[in-house]
Each structure stands twice: as C-alpha cells, then as structure tokens.
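See below for the structure under consideration.
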Amino acid sequence: MLGAGAEMGPLPALLRWGARVAAVDLGRPEIWQRLVTQARAGAGTMVVPHPAGTPEDETAQHAGVDLLADVPEVVEWLAAEPGELVVGNYAYADGAMNVRVSVAVDELSRRLLAARDGVALAFLATPTDVFAVPVDAVAESTRRYEGRSARARWLGRPMRTVSGGRLLRRQYVPGTDPGVNDSLVPQQGPNYALAKRLQRWRAVVARDAGTTVSMNVAPPTRTRSVVKNRALAAAYAGAHRFGVEVFEPETANVLMAALLVHDLHADGGPRHEHPWQDEAYAAVPGGLWRSPYAPRSALGLAAVLGYGAARG
C-alpha cells in the first residue's frame, strides 16, 4: 500500500481480514502510530520500511520513506516480498506535489512490473472526473430530468435563463450511448485532475498488457482533504437534494476494499471491448452519473443549500 495512511485506503479492512500488507508512507510518527495500532488490532500482518535493528516498540518513531527520493530502495524492498504482489496506489498530497507523487508511484509500479512476475496494480478512481457512462445511466438521468416536479420545473426555468444556461442543465442528450459525465470540480484544481488521470492511464496500459488491474470509481466521500475546502464541504452537504449520495469514509473504504478483494480473485474482473467500459463496471459514483442535472450546473446551488449543515 503506497500511501498506507490514506483515509480512503483499504488498510484497516485488509488487516481485519487477515491480509499481509507492506505499508509505505512518509516518516511521520503520528501516521505510523495509528497504523501500528490498527495492525495490532487486526488479524493480518503489516511489514514496514525502517532502519535495520529498530526495536519493535519504536517502529512508529523510525518507519517511513519518501517516495520522491526513495523509489529504487522501495522497489528493491517490495520486489523481495513473498507471494503475489499487489501494488495499491493510495498516495495523496496537496497541490503540485500530488502530481510529483503520482509520477513517482507510476515509475515505482513500472519498475516492479519489470522486476518480477505476478504483479497486480490497484487504484481508486475519483468520481469527480470525466467518464464515459453506459446507456442505462443516461436513460435514468433522462427519466429523472423529465419527471421533475412542477416546483422544480418552475424554479429551474428562470435559473437557467438568468445564468445563461449554466444552472440546472440537463446532463445528457437523451439516448446518447455512451454518455459523457463531466463531474470535474474546479475547486480541486488541475494538479488533482492530472494526478488522477495519470493513474487511469497506467491502469488502461497495464490491463492492455495483460496485468491484473483493480481500478474502481469510488463514491463521493467526506474525507478530510475534501471537507477542509469550505465550498466543497457545503456542496457535499447539499448534494443529496440533487440525487447524489456522499459517503462517510468508514463506509467507503470498506466497500472499496471489498471490491479490491473481489477483483483480485476474478483476474481484475471482466475485460470489455473498450477501456471506458472497464472503468464503468462496478463503479460507485454515488449518483453523479444518474443525476438529472449536469453536476457542475447544480454544484453551486448544492453549496448554498448545504452551507448551514456544513458549518454544523
């Protein structure tokens, strides 16, 4: 697990279920103290990078690596791990550092694929991205849009007029196959979008080369990295009014861990004709794909409606 301390990562669930996990994260004692506590409470095994001779009761004080500087050492360490190796990418950083970390993880993954056989890759795709979606999602979104209440129609018409068509827009042209869901959130910034796109590209290329890949679209989740942005926190608090369910981290990470385990027992799941179909299979976008409105056209209103709840 690269970014083992990530809030959306599957470490707690995997340790409860008895997995052996090689945990990689920065050398911050507060991170490792939490991970060590989880490992001791679980049924699995956690191995960590630390200087030789470190006493077990001092692991949290000395464990950790910097992926930007230590890729060769981490590759050597992981290449020697027994059994089949699954490289899970859950690393995250703020701003431009996120792109640098994603490039480092991509290089680490590429080297491990070349260094040994039986390597699988695992990713979590963010729901706040652009995806091609199946026709049944388009049909459900269309049904909801055309079945709006009289009040919603009455309020929506002047909003679209005043905003020049930007507010409460229909999400898809009816019958489009596939549809294109644009859930990019400008507040998350271009670095976040690029970092996640790098992961999607690696997943597509690796799967095409025959590698087992688990990459599932995760639901919108109230993680610390999201709700520290006040606008996003407010939008998430009001999202349910537009048919979008936002998950709690404790629910989302267990769900995604279960999908990961399923994928690893099913050779990455069924392989489809087109990469977008692989991404759409077993996706959990929390209703973003089936909402009657284009997500960004409702985001501002969701934020206004959710502002009070977000403050609370």
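Just give me the residues in region 188-214 being aliphatic (A, V, I, L, M), surrounded by 15 or more Cβ atoms within 10 Å (Cβ to Cβ) and either in contact with a Leu (Cβ under 7 Å, 6 or more places away or on another chain) or not in a helix (DSSP H, G or I) (or both), in sequence order.
Across region 188-214, the qualifying residues are ALA193, ALA203, ALA206, VAL213.
Can you name every one of the strands (runs of 3 or more DSSP E) wholly within region 1-109 that holds 1 or more residues which are farther than 22 Å from VAL213 by Cβ and either under 23 Å from the mean Cα position of the chain (by Cα) or at pLDDT 95 or above (or both)?
The qualifying strands (runs of 3 or more DSSP E) are 45-47.
I'm checking my understanding of the structure. Among residues of region 278-289 that are within 24 Å of ARG170 (Cβ to Cβ) and over 15 Å from the mean Cα position of the chain (by Cα), which one is surrounded by the most Cβ atoms within 10 Å (Cβ to Cβ)?
The extreme case among them is TRP289.
Give GLY44, GLY27 a once-over and let me know the one that is surrounded by 14 or more Cβ atoms within 10 Å (Cβ to Cβ) and in contact with a strand residue (DSSP E or B) (Cβ under 9 Å, 6 or more places away or on another chain).
GLY44
If I go through region 85-102 residue by residue, how many of them are out of contact with any helix residue (DSSP H, G or I) (no Cβ under 7 Å at 6 or more places or on another chain) and either farther than 12 Å from LEU2 by Cβ or basic (Lys, Arg) (or both)?
3
Run down LEU264, LEU299 and say which single residue is within 30 Å of ALA231 (Cα to Cα) and either crowded, with 16+ Cβ neighbours inside 10 Å or among the aliphatic types (A, V, I, L, M) (or both).
None of the others qualify; the one that does is LEU299.
Just to be sure, is ASP267 at pLDDT 95 or above and acidic (Asp, Glu)?
no
The values are calculated or read from the model by the stated rules, or taken from the named source; none is laboratory data. Just so it is clear, the model here is predicted, and its values are computed rather than measured. Reconstructed Cβ throughout: ideal geometry from the backbone, glycine too, with neighbour counts over all protein chains shown.
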